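Read through the structure below, which is laid out as structure tokens, and then see the notes.
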Number of protein chains: 2
Amino acid sequence: MAKLTPLLQQLIEALRVLPGVGPKSAQRMAFQLLERNRSGGARLGTALVAAMEGIGQCQQCRTFSEHSLCAICSDVKRQQADVLCVVGSAADQLAIEHTGQFQGRYFVLMGYLSPLDGVGPAELGLDALAAQLAQGKLTELILATNPTVEGEATAFYIAELCQKYGCKVTRLAQGLPFGGELEYIDGTTLAHAFSGRKSF
Amino acid sequence: MAKLTPLLQQLIEALRVLPGVGPKSAQRMAFQLLERNRSGGARLGTALVAAMEGIGQCQQCRTFSEHSLCAICSDVKRQQADVLCVVGSAADQLAIEHTGQFQGRYFVLMGYLSPLDGVGPAELGLDALAAQLAQGKLTELILATNPTVEGEATAFYIAELCQKYGCKVTRLAQGLPFGGELEYIDGTTLAHAFSGRKSF
Ligand SMILES: [Zn+2]
Ligand SMILES: [Zn+2]
């Protein structure tokens, strides 16, 4: 109704910025917070403002950080690592951290090369990445970009940088996802898995 | 990872107060806002704080309002209405407004009688409702409570109040699916049930 109290109307509209939240679920969220959890709603409001205003990027790896160096880049053990893993986003970095398999440092592109959208090497901080390569301390750079057209193009660009600076470069294996069923896997993945087959 | 910057960690946890938002989708929301829409995220934060702190209840009908009287109770045409529609929640009121079938006033219970949860007549403002009935100006009270056990029990209690004060009382036509929640019923069904209301 046009009769919703203005603060409520504004809240319902503002909730639509959340991914996957349409008008009906924005309304449900607003009513539920007002009816059952005002303190939680206010806490969320404060956390949103603090995060949107306070979170910048790590000066070294570009991941989200409220300090000039993120927790990983500030970690003495990981500072000494000579392996760098390049990912497309902070969410991808988080996914790799969760595997527990990697103890090195990261470089977070925060996007992929996309000339039509005005995203070039500068926007992804590739000059800073080149400067790290130029120091000659890295023994390996792992490309963990998305297996998509843009991810591949960006990986190719970075691989050329590595060759220029004489750094070994590796790429996450492409193939069948664990637990996947062959008949449901898309053709491109299957073709990659097939051509990348290994001795058993 | 334990390595998420604290403000981001707090934001992801705070997002969990939203209905239907689990850890994975809270994380997705936080990253998406940080990457693509910080101004929208900050606007949502401000709207949340303003709504949680600024929205109270209308003194007359108990619906959400940031003023002492809501927009409907302040509407001169509707002030003169002699039909009162009793609903369980502001969301139910909104659903009925959307049918466009009703021009009278509302009384919003903000819950149903539930002695085990400590919700009695006082918690639902039924003394204020009785006071309105006592004025003798209402020609009809429409019970638009949920077709659930608690909704029926509350309707029965209010119907007895009406009999005491000699006010005609009607009930939304059955045809609403038993156990359904009014807020989620489609507009046509709701409009039919509304126009087909019967003496209680
Ligand atoms: Zn860092
Ligand atoms: Zn009102």
Answer with yes or no whether B:Tyr157 is touching a helix residue (DSSP H, G or I) at 6+ places or on another chain (Cβ under 7 Å), modelled with pLDDT of 95 or more and among the hydroxyl-bearing types (Ser, Thr, Tyr).
-> no
Residue identified as of a type in the set (D, E, K, R) and in contact (Cβ under 8 Å) with a residue 60 or more places away in the chain among B:Asp82, B:Asp92, B:Asp75 = B:Asp92
The helices (runs of 4 or more DSSP H) lying entirely within region A:45-148 that contain at least 3 residues which are closer than 30 Å to A:Leu190 by Cβ, facing chain B (nearest Cβ under 8 Å) and within 15 Å of the chain's Cα centre (by Cα) are A:90-99
Of all residues making up region A:98-146, the number that are open to solvent by less than 50 Å² (accessible area, probe 1.4 Å), without any contact (Cβ under 8 Å) to a residue 12 or more places away in the chain and among the charged types (D, E, K, R) | 0
Restricting attention to region A:58-79, and to residues there that are crowded, with 16+ Cβ neighbours inside 10 Å and farther than 14 Å from B:Leu4 by Cβ, which single residue is nearest to ligand 2 (Cβ to nearest atom)?
-> A:Arg62
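Checking the structure you have, find out if any residue of region A:34-43 is under 30 Å from B:Met110 (Cα atoms), within 16 Å of ligand 2 (Cβ to nearest atom) and within 8 Å of another protein chain (Cβ to nearest Cβ).
Within region A:34-43, one or more residues are under 30 Å from B:Met110 (Cα atoms), within 16 Å of ligand 2 (Cβ to nearest atom) and within 8 Å of another protein chain (Cβ to nearest Cβ).
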Does region B:92-125 hold any residues that are hydrophobic (A, V, I, L, M, F, W, C), modelled with pLDDT of 95 or more and within 16 Å of ligand 2 (Cβ to nearest atom), and which are they?
-> B:Phe107, B:Val108, B:Leu109, B:Met110, B:Leu124
So which residues in region A:162-188 are part of a helix (DSSP H, G or I) and open to solvent by less than 70 Å² (accessible area, probe 1.4 Å)?
-> A:Cys162, A:Gly187
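The values are calculated or read from the model by the stated rules, or taken from the named source; none is laboratory data. All of these numbers come straight from a predicted model, not from anything done at the bench. Backbone-built Cβ (ideal geometry, glycine too); neighbour counts: all protein chains shown. The area values use the complete protein model at the heavy-atom level, side chains included, leaving out ligands, DNA and RNA. Shrake-Rupley method; radii C 1.70, N 1.55, O 1.52, S 1.80 Å.
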